[in-house]
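Report on the following structure.
The values are calculated or read from the model by the stated rules, or taken from the named source; none is laboratory data. Keep in mind that what you see is a predicted model, and the values were worked out from it rather than measured. A quick note on method: Cβ atoms are made from the backbone with ideal geometry, for glycine too, and the neighbour counts reach across all protein chains shown. The accessibility values were calculated without ligands, DNA or RNA, using every heavy atom of the protein model including side chains. Shrake-Rupley method; radii C 1.70, N 1.55, O 1.52, S 1.80 Å.
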Amino acid sequence: MHQNIPFSTLIRTASHDQHTEAENSGFMTNLLGGALGVDAYTRYTEQLWYVYRALEDSAHALREDPVTGPFIRSDLFRVGEIERDLTHLRGPGWPERISALPATRAYAARVEECARTWSAGYVAHHYTRYLGDLSGGQIIRAKAEKNWGFAHRGDGVRFYVFEGITNPAAFKRDYRALLDAIGVDDLEKQRVIDECNRAFDFNAAVFRALGEETRPAA
Ligand code: HEM
């Protein structure tokens with residue numbers, strides 16, 4: 001592997017093109033551009049619930065894992081926030097009224113599989129979601145507040161608000177340092193990068209499925 005390039009740089013660079021695609025996907029463009037109603041945003045938030053359940057239900061068991069443990073921090077956990085958002089968006093009976101798209105089920109199943117059988121692979125999923133939420137997620141939050149009238153950092157967009165992380169830039173620096181210090185060899189690092197690419201593919205598939213079921217108003 002590229003001896004002198006930090007792992008955090010390699011993983012970011014390797015997912016750069018997929019990141020651009022995700023940002024410019026039809027669904028995201030329509031959603032953030034205001035072409036879709038709050039239903040589409042709600043449907044997206046529902047899918048996130050399944051993905052973060054998979055990430056966070058496994059997190060507790062991975063705390064002691066030598067590779068993954070350092071990444072697990074409760075100030076990142078999102079399930080509670082998503083549940084508050086869904087209560088606001090869908091009403092108190094939301095758990096009986098939501099469903100996972102097949103693409104979401106496949107994504108969540110892969111996260112669970114990594115958590116059970118390959119902890120370094122779980123790191124790829126952790127990175128892809130949480131570092132993205134701390135970055136581009138802030139753009140999504142601002143647009144959502146504006147498009148659908150949610151209170152600033154309030155119910156509906158709590159998923160994007162990390163109350164416990166007051167300095168996201170510093171947090172991301174520390175996170176990258178953790179990536180750089182990850183205790184695996186170069187071959188395994190390459191596998192983690194491949195898994196990160198897979199994580200982006202899963203997100204793209206969820207966006208495609210959401211795009212198919214939510215069409216902009218004519
Ligand atoms: C409209 C949608 C999106 C926008 C506007 C956006 C925007 C951004 C921006 C501006 C950054 C750079 C932050 C920085 O350098 O500190 C970033 C980083 C990141 N985004 Fe996104 N993003 C979007 C969607 C996504 C999606 C769907 C994913 C994957 C699920 C994702 C994953 C990431 C990751 C992992 C990083 C961290 C890269 C690194 O520094 O290693 N983003 N995003």
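Observations, loosely collected:
- Using C-alpha pairs below 8 Å separated by at least 6 residues, the relative contact order for the range 86-192 is 26 percent.
- Full-extension gain in nm, Thr87 to Thr29, via 0.36 nm per residue minus C-alpha separation: 18.3 nm
- Förster radius 35 Å - calculated FRET efficiency between Ile139 and Arg191 (Cβ-Cβ, nearest 0.05): 0.70
- Cα shape, the range 74-148, gyration tensor, a/c 1.5 rule: oblate
- Rounded percent of accessible protein surface that carbon and sulfur make up, the chain, 1.4 Å probe: 51 percent
- Viscosity 1.567 mPa s, temperature 4 °C, Stokes-Einstein D of the range 1-76 from Kirkwood C-alpha radius, µm²/s: 83 µm²/s
- Arg153/Thr20 FRET efficiency (R0 30 Å; Cβ-Cβ; nearest 0.05): 0.65
- Paramagnetic reach from Arg97 (point 7 Å along Cα→Cβ, amide N under 16 Å) across the range 145-174: 156
- Projected label points at Glu113 and Asp201, each 7 Å from Cα along the beta carbon direction, are separated by 1.1 nanometres.
- At a probe radius of 1.4 angstrom, the accessible area of the chain per residue rounds to 48 square angstrom.
- Computed P(r) (all Cα pairs; the chain; 10 Å bins; percent): 8, 33, 39, 17, 3, 0
- Local electrostatic count, Ile193, Cβ distance below 15 Å [Lys/Arg +1, Asp/Glu -1]: -3
- The tail of the calculated P(r) for the range 62-186 beyond 23 Å holds 42 percent of all Cα-Cα pairs.
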